[in-house]
1. At a Förster radius of 51 Å, what calculated FRET efficiency corresponds to the Cβ-Cβ distance of Ile118 and Ala433, to the nearest 0.05?
2. Given the options Val35, Leu428, Tyr8, identify the residue whose Cα lies farthest towards the positive end of the charge dipole of the chain (+1 on Cβ of Lys, Arg; -1 on Cβ of Asp, Glu).
3. What does the extension gain come out to for Tyr91 and Phe21, with contour length at 0.36 nm per residue minus their alpha carbon separation?
4. Kindly point out which whole DSSP H helices in the chain project their C-alpha atoms 20 angstrom or further along the helix axis while averaging a Kyte-Doolittle hydropathy of 1.0 or above.
5. Quick one: if the Förster radius is 30 Å, what FRET efficiency do Ser14 and Asp457 give, using the C-beta to C-beta distance and rounding to 0.05?
6. Taking each pair of distinct Cα atoms in segment 4-236 once, what is the resulting Kirkwood hydrodynamic radius in Å?
7. Given points 7 Å out from each Cα along the Cα-Cβ axis, report the Ile346 to Val35 separation in nanometres with one decimal.
8. How much length is gained if the chain between Leu306 and Leu59 is pulled fully straight, taking 0.36 nm per residue apart and subtracting their Cα-Cα distance, in nm to one decimal?
Amino acid sequence: MINRTWVYLFLSISIVVIAIFATGGFEPNNVFDTVGYIDSAEASWPEILSLPRTPFFGLFLNIFDTFDGVRPLLEGADRTFWENENDRFLYYPLFAILSYFTAVIFLFYAFSAYGLGIKAASSISFGLIISNSLILYGNILHPELLSLSLVILSISGTLLLATKKNSALILIFTSSCVTFSYLMKPAFITFIVFIPVIYIILNYRNNNRFKQGLILFLMCLSPFLLFSTLRYFAVGDFNIVSFGGFQMTGIAGLMIDSNVILTLPIEIINTAEIVLAKKDILIEDSTLIALPLNSSGEVSFISVALGYFDILARNYDAVVYGIMGDLQFADESWVEFNARMQHFTIQVILSEPIYYLSWLIGATVRFIGRMVVINLPFMCSLIGVILLLLLKRPVKKINKLTLTRDEIICLVIIPLIFAFSSGVLSILVSFPAHRYIDSSNIMLAGFSIFLFQLLIDGKSRLFKTKE
């Protein structure tokens, strides 16, 4: 007999798919980064390795380049929301969304195989069905949702590895998912470390878990080393892509003021003065928001970072693309420019480490706050729990909730590791934009959904009579 939870899961997915279709969620849409991914895939060798975006997502996206085949079928038809300048990639959102739901279902299966009860095993999957990342980014021509799906699949692989010892096929599957996730979205490079960490935690019963975790780590790391070595010999940069140095200039650009310039090394003072002058111009034309005065009547970066970080977040892209992007010399390659900007940013940070520390604190507060509050499945389940406690289940009849070790690992520790791994680089070398936060919080609703399921079932462990 089919378990009802599986039926509810597939029914929920079906409802969400219908809602996505009805609201135009399968229509491909550009974002700011889309052109960069497409251009990188169309470049020749070795230029393909020296651009700001990795070529892998663009190359994959070309598989869906159905422009010639789809356009004639659509001409003259009543296309409603299907008409779009991105008709050439018409089927990519469908593939990305279906891949995501496949990962969601596989995760439920993996949690069940690991030994969780049906309610605990299904809780994270139910939350994933209405995640912000799916709803907001499912149809964009960007590797976000696809890379997330690959990471979810890799977590499923670690769960199965913890139950099926010495499975070479699952090991290859898990490491491959991690590899393709960070090759398409380099910010996920942190999972090279954290997927093996999750495996070691899951496999706590096995005395050989550290050795097996090391093997998994090396399999996840090897493609990074190979590709980075290839780029080093081809373009002189040992990394997946030459972008991080440029991306982190937003931090330096926002930190620079007349006091900071006085502490900088001589070789970068001229660049810093140019940045400061351009900031003043952008503030005058309202492109940048001027930093407010603190309680002492002074403009303080530290005060703004700690108390009004959203101002810095709002200014970040304007500084990066409106100021720092113009600093590239005419005879300077992108790889050289990225390296120079990385050096520039590091020097600015070293000159005022307190500024950077305040940045980290403010960014972390923004990240954690929005990760909890602007999290649709978490807030929905939390409201559901509160309503059940108030309206349906008298608190005095509820036993103390005790979790098993496996439930704590799967519903608390793994979501927290996932959130940290997915979001830490956005705090350290960029700023926690909504998309980064939404990607990081997708598993956090698991525990509250689990509690909701226990409360709604009068026969659950919460309501068993104490002996």
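Quick note: the coordinates plus some simple rules give every number you see, no bench work behind them. Everything numeric here is computed off the predicted structure, so don't read it as measured data. No Cβ is skipped: glycine too gets one built from the backbone with ideal geometry, and neighbour counts run over all protein chains shown.
1. Values: r = 36 Å, r/R0 = 0.71.
The formula returns an efficiency of 0.90 here.
2. Highest projection toward the positive end goes to Tyr8.
3. Details: separation 70, 0.36 × 70 = 25.20 nm, distance 1.27 nm.
Gain on stretching Tyr91 to Phe21: 23.9 nm.
4. Working: long enough: 4-22 (27 Å, 2.02); 92-114 (32 Å, 1.60); 144-161 (26 Å, 1.99); 168-184 (24 Å, 1.84); 209-235 (38 Å, 1.24); 266-284 (28 Å, 0.86); 334-351 (25 Å, 0.36); 353-373 (30 Å, 1.13); 414-428 (21 Å, 2.14).
Once both thresholds are applied, what remains is 4-22, 92-114, 144-161, 168-184, 209-235, 353-373, 414-428.
5. Working: r = 23 Å, r/R0 = 0.77.
Calculated transfer efficiency: 0.85.
6. On the way: mean 1/r = 0.0519 Å⁻¹.
Roughly 19.3 Å, rounded to one decimal.
7. The modelled label-to-label distance comes out at 3.2 nm.
8. Numbers: separation 247, 0.36 × 247 = 88.92 nm, distance 4.15 nm.
84.8 nm is the gain from fully extending Leu306 to Leu59.
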